[in-house]
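The next block holds one structure in the form of structure tokens; read it before the comments.
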Amino acid sequence: MGEPFDFHYLLDYLVKLVPTLQMTLLIVACSIVIGLGIGLVVALPQLYKIPVLRRLSQVYLSFFRGTPILIQLFLFYYGLPEILKLVYVDVSKVPALYFVILTYALHSGAYLSEMIRAAVGAVDRGQVEAAYAVGMTGFQAFTRIVLPQATAISLPVFSNLVIANLKDTSLAFSLGIMELTGKSQTLAVMSRHFVETYISLAIIYFVISYGLEKLFHLVERKLLRHERQIVSDEKPSRYRKWKQRRFALSPGFGRGGQENEA
Amino acid sequence: MIKLTQIRKSFGRNEVLKGIDLTVEKGEVVAILGPSGSGKTTLLRCINYLEKPNEGRIVIDDFSVQCRRPDKKAIHTLRQKTAMVFQQYNLFKHKTALENVMEGLFVVKKISKDEARIRSIELLEKVGLGNKLDSYPSELSGGQQQRVGIARALALNPEVILFDEPTSALDPELVGEVLAVIRKIAKEGITMIIVTHEMGFAQDVASHVVFMDEGVIVEQGKPNELFTSPKEERTKQFLKRITPEAAYSI
Ligand SMILES: Nc1ncnc2c1ncn2[C@@H]1O[C@H](COP(=O)(O)OP(=O)(O)OP(=O)(O)O)[C@@H](O)[C@H]1O
Ligand SMILES: [Mg+2]
């Protein structure tokens with residue numbers, strides 16, 4: 001086993017680990033942004049029931065949701081160059097980071113596409129018809145009516161996916177990426193203070209996850225401000241404001257707030 | 001003037017509209033009656049192309065659409081010349097009453113935001129919601145939501161407003177306020193086609209009544225003629241079943 005517990009190492013490692021957070025967040029941000037693009041492209045054939053593409057997107061979804069991400073990482077890192085060699089593309093000089101981002105983007109893309117599909121489906125068809133009846137084009141109806149509501153609806157799921165992605169990036173060290181977990185491995189092995197390293201690591205992941213969750217929750221409340229209910233016909237606003245302030249103050253209050261108000 | 005000629009619509013094998021001919025003069029209020037499943041909603045939806053008719057012709061003044069293969073631009077024009085008030089209101093839930101009315105004005109008609117706002121406020125005042133401009137649909141009662149729906153339809157200055165059972169999703173005590181608004185705008189000479197089960201309302205607001213059954217127009221005429229002395233057997237039976245008293249208790 002390692003060295004005896006020493007509190008100083010804990011602080012020391014926190015300081016040493018924080019800079020590598022940049023790498024972790026870079027992977028998360030890139031893969032989520034690319035994943036959103038992929039998710040939308042994959043969701044469209046499902047939403048519009050386009051025959052062949054729909055089958056293809058289903059195959060993609062089952063693969064990325066049905067296999068562990070670690071396997072996906074290895075498959076892309078070791079397998080993709082082999083396949084590309086067949087068409088005379090040499091990717092041996094491409095840094096591992098690109099493969100990591102690609103894998104996480106495709107992985108998140110699968111879940112994000114499910115999220116998009118569900119959220120768009122949740123905006124009732126009647127509003128789209130009303131938009132057409134008002135004279136909007138399909139594009140206007142989608143961007144002005146469906147998208148804002150779908151975004152608000154999907155935010156809790158999106159928040160979960162981003163946090164899951166953050167935690168999944170800890171596997172990127174297996175391809176030698178020096179993100180949070182990768183760095184902590186080296187620190188731990190060098191000093192043999194395993195417990196301190198992993199405690200600092202856990203603290204950092206927790207703080208970031210918690211921060212993200214709170215942030216998304218705030219955005220969600222803002223986007224869902226139209227989902228208020230009539231409390232009584234006369235001047236409900238005072239009472240509601242007071243209630244909302246109370247919800248905002250109590251930290252443990254999750255997403256149930258909206259429903260509870262009814 | 002609106003003129004429908006030989007409108008046909010099938011869903012798969014089920015022929016829902018079997019050649020509808022209907023002419024509506026400018027300023028007329030037409031009530032469409034008929035049993036459930038007779039194709040009333042489908043007819044209205046065909047008029048603004050929410051449903052694609054298989055055949056027929058829609059003429060609004062000097063604008064005409066051949067339904068069999070219309071171009072996209074014709075559909076767009078048709079939708080701008082018509083407006084629809086839905087049974088389920090279908091307000092944009094993430095927008096306030098005011099924004100709901102303004103939306104079409106500045107997105108579709110490209111009117112400046114300020115002007116659109118002024119015009120929308122006027123319309124909301126007309127339907128009695130001058131004090132609810134900033135309320136979201138979830139904060140409004142059914143009757144209030146439907147009145148926003150009517151204001152939204154009026155905003156586009158359409159040649160015709162199509163109403164699909166505008167009061168049938170409402171609690172009985174809220175029906176009156178919506179009917180009063182429709183009565184009021186009927187008096188202003190706006191052309192309207194209303195599908196309704198409110199016989200009393202049809203009788204005193206409509207200038208023309210159409211009775212539909214199984215995808216055809218069985219009989220049409222002035223309200224007092226059709227209600228008091230219907231000629232067709234199917235019309236008589238339908239009217240016997242839905243007396244004005246019964247209609248109000250739905
Ligand atoms: N989208 C659709 N797909 C398949 N069948 C449909 C569709 N819409 C309507 N129909 C069928 O068309 C027929 C006419 O329906 P429609 O809604 O026009 O009747 P309606 O006269 O408005 O009835 P109600 O008084 O109940 O509203 C019904 O038999 C219905 O099942
Ligand atoms: Mg109907």
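Among the residues that make up region B:127-149, is at least one of them surrounded by fewer than 16 Cβ atoms within 10 Å (Cβ to Cβ) and either within 16 Å of ligand 2 (Cβ to nearest atom) or on the phi > 0 side of the Ramachandran plot (or both)? Looking through region B:127-149, none of the residues is surrounded by fewer than 16 Cβ atoms within 10 Å (Cβ to Cβ) and either within 16 Å of ligand 2 (Cβ to nearest atom) or on the phi > 0 side of the Ramachandran plot (or both).
Condition first: over 25 Å from A:PHE99 (Cα atoms) and in contact with a helix residue (DSSP H, G or I) (Cβ under 8 Å, 6 or more places away or on another chain). Now tell me which residues in region A:54-78 satisfy that. Within region A:54-78, A:ARG54 is the sole residue that qualifies. In this structure, does A:LEU21 turn out to be open to solvent by less than 60 Å² (accessible area, probe 1.4 Å), under 20 Å from A:VAL207 (Cα atoms), in a helix (DSSP H, G or I) and in contact with a helix residue (DSSP H, G or I) (Cβ under 8 Å, 6 or more places away or on another chain)? When the stated conditions are applied, A:LEU21 passes them. Listed by position, the helices (runs of 4 or more DSSP H) enclosed by region A:93-211 that each have at least 2 residues that are more than 14 Å from chain B (Cβ to nearest Cβ) and open to solvent by 20 Å² or more (accessible area, probe 1.4 Å) are A:96-122, A:147-168, A:180-191. Looking only at residues in region A:220-235 that are exposed (fewer than 15 other Cβ atoms within 10 Å of the Cβ) and modelled with pLDDT of 80 or more, the one that is farthest from B:GLN145 (Cα to Cα) is A:LYS222.
I need a count of the residues in region B:66-100 that are aliphatic (A, V, I, L, M), under 26 Å from A:LYS222 (Cα atoms) and either facing chain A (nearest Cβ under 7 Å) or in contact with a Gly (Cβ under 7 Å, 6 or more places away or on another chain) (or both). Looking only at that region, the number is 1. Residues satisfying the criterion are absent from region B:200-216 (criterion: within 16 Å of ligand 1 (Cβ to nearest atom) and within 22 Å of B:GLU103 (Cβ to Cβ)).
Within region B:24-65, the residues that satisfy the criterion of being of a type in the set (S, T, N, Q) and either more than 14 Å from every other protein chain (Cβ to nearest Cβ) or within 9 Å of ligand 1 (Cβ to nearest atom) (or both) are B:SER36, B:SER38, B:THR41, B:THR42, B:ASN54, B:SER64.
Looking only at residues in region B:65-92 that are under 11 Å from B:TYR49 (Cα atoms) and of a type in the set (Ser, Thr, Tyr), the one that is nearest to ligand 2 (Cβ to nearest atom) is B:THR82.
Among the residues that make up region B:78-91, is at least one of them without any contact (Cβ under 8 Å) to a residue 60 or more places away in the chain and either under 26 Å from B:SER138 (Cβ atoms) or within 16 Å of ligand 1 (Cβ to nearest atom) (or both)? Within region B:78-91, one or more residues are without any contact (Cβ under 8 Å) to a residue 60 or more places away in the chain and either under 26 Å from B:SER138 (Cβ atoms) or within 16 Å of ligand 1 (Cβ to nearest atom) (or both). Quick check: is even one residue across region B:49-64 within 16 Å of ligand 2 (Cβ to nearest atom) and either in contact with a Pro (Cβ under 7 Å, 6 or more places away or on another chain) or open to solvent by less than 10 Å² (accessible area, probe 1.4 Å) (or both)? Among the residues of region B:49-64, not one is within 16 Å of ligand 2 (Cβ to nearest atom) and either in contact with a Pro (Cβ under 7 Å, 6 or more places away or on another chain) or open to solvent by less than 10 Å² (accessible area, probe 1.4 Å) (or both), which makes the answer no.
Per-residue answers, yes or no, for (1) closer than 26 Å to A:GLU129 by Cβ; (2) open to solvent by 40 Å² or more (accessible area, probe 1.4 Å); (3) among the small types (Gly, Ala, Ser):
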| residue | (1), (2), (3) |
| --- | --- |
| B:MET192 | yes, no, no |
| B:ASP204 | no, yes, no |
| B:VAL209 | no, no, no |
| B:LYS222 | no, yes, no |
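Listed here are the residues, each with its yes/no results for (1) surrounded by fewer than 19 Cβ atoms within 10 Å (Cβ to Cβ); (2) more than 14 Å from the chain's Cα centre (by Cα); (3) modelled with pLDDT of 95 or more.
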site	(1), (2), (3)
B:LEU162	no, no, yes
B:GLU173	yes, yes, no
B:VAL195	no, no, yes
B:LEU226	no, yes, no
B:THR235	no, yes, no
B:THR243	yes, yes, no
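Before we move on, is B:GLU15 within 11 Å of ligand 1 (Cβ to nearest atom) and over 26 Å from B:GLY221 (Cα atoms)? So B:GLU15 does not fit the description; no.
Among the residues making up region A:215-224, those that are in a helix (DSSP H, G or I) and over 14 Å from the mean Cα position of the chain (by Cα) are A:LEU218, A:VAL219, A:GLU220, A:ARG221, A:LYS222, A:LEU223. Annotation: B:ARG69 fulfils all but one of (1) assigned to a loop (DSSP other than H, G, I, E, B); (2) within 16 Å of ligand 1 (Cβ to nearest atom); (3) more than 17 Å from the chain's Cα centre (by Cα); (4) surrounded by fewer than 20 Cβ atoms within 10 Å (Cβ to Cβ); the unmet one is (2). Among the residues of region B:180-190, just one is open to solvent by 10 Å² or more (accessible area, probe 1.4 Å), touching a strand residue (DSSP E or B) at 6+ places or on another chain (Cβ under 9 Å) and under 12 Å from B:LYS126 (Cβ atoms), namely B:ILE190. Among the residues of region B:96-126, just one is of a type in the set (Gly, Ala, Ser), over 22 Å from the mean Cα position of the chain (by Cα) and buried (at least 18 other Cβ atoms within 10 Å of the Cβ), namely B:ALA116.
The values are calculated or read from the model by the stated rules, or taken from the named source; none is laboratory data. Predicted, not measured: the structure shown is a model, and the values here were computed from it. With ideal geometry, Cβ positions are generated from the backbone for all residues, glycine too; neighbour counts draw on all protein chains shown. Accessible surface is based on the protein model in full, side chains and every heavy atom, while ligands, DNA and RNA are left aside. Shrake-Rupley method; radii C 1.70, N 1.55, O 1.52, S 1.80 Å.
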